[in-house]
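Everything below concerns the one structure shown next.
The values are calculated or read from the model by the stated rules, or taken from the named source; none is laboratory data. Computed from a predicted structure; not experimentally measured. Cβ sites come from the backbone with ideal geometry, for glycine too, and all protein chains shown count toward neighbours.
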Amino acid sequence: MTTEASYTIDEFCKAERISRAFLYKLWSQGRGPRFYYVGTVRRISPEARLEWHRKFEATAESGEAAHSGEIATTRIGKRIIMPRAALEGSR
């Protein structure tokens, strides 16, 4: 467990460079990060953020074998999530 503070929705959106509307859309689709409440304020833990990233990376990586020679990606709205290995290989 980390000692890093949890994120408010605004802090999370700023860190991920997404809009609040997009985050709520992800939650409505069951694809957003886990959260909890402190009073009436929704908070997202650093662990939940990392878990959310890993979920999309795993989804992208699991599709790699589907198309030989292509990099598997996952689309979330206008954002395209690709495996980290693919990004490091392009440098």
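Taken over segment 9-42, the residue count meeting the criterion of being more than 18 Å from Glu57 (Cβ to Cβ) and aliphatic (A, V, I, L, M) is 5. Could you check segment 1-30 and list, in sequence order, the residues that are among the polar types (S, T, N, Q), modelled with pLDDT of 90 or more and within 12 Å of Ala48 (Cβ to Cβ)? Across segment 1-30, the qualifying residue is only Ser6.
Could you go through segment 48-66 and let me know if any residue there is aliphatic (A, V, I, L, M), closer than 17 Å to Ile9 by Cβ, at pLDDT 90 or above and part of a helix (DSSP H, G or I). Within segment 48-66 (the criterion being aliphatic (A, V, I, L, M), closer than 17 Å to Ile9 by Cβ, at pLDDT 90 or above and part of a helix (DSSP H, G or I)), the answer is yes, since at least one residue qualifies. Within segment 10-49, the only residue that satisfies the criterion of being under 10 Å from the mean Cα position of the chain (by Cα) and farther than 17 Å from Arg79 by Cα is Ala48.
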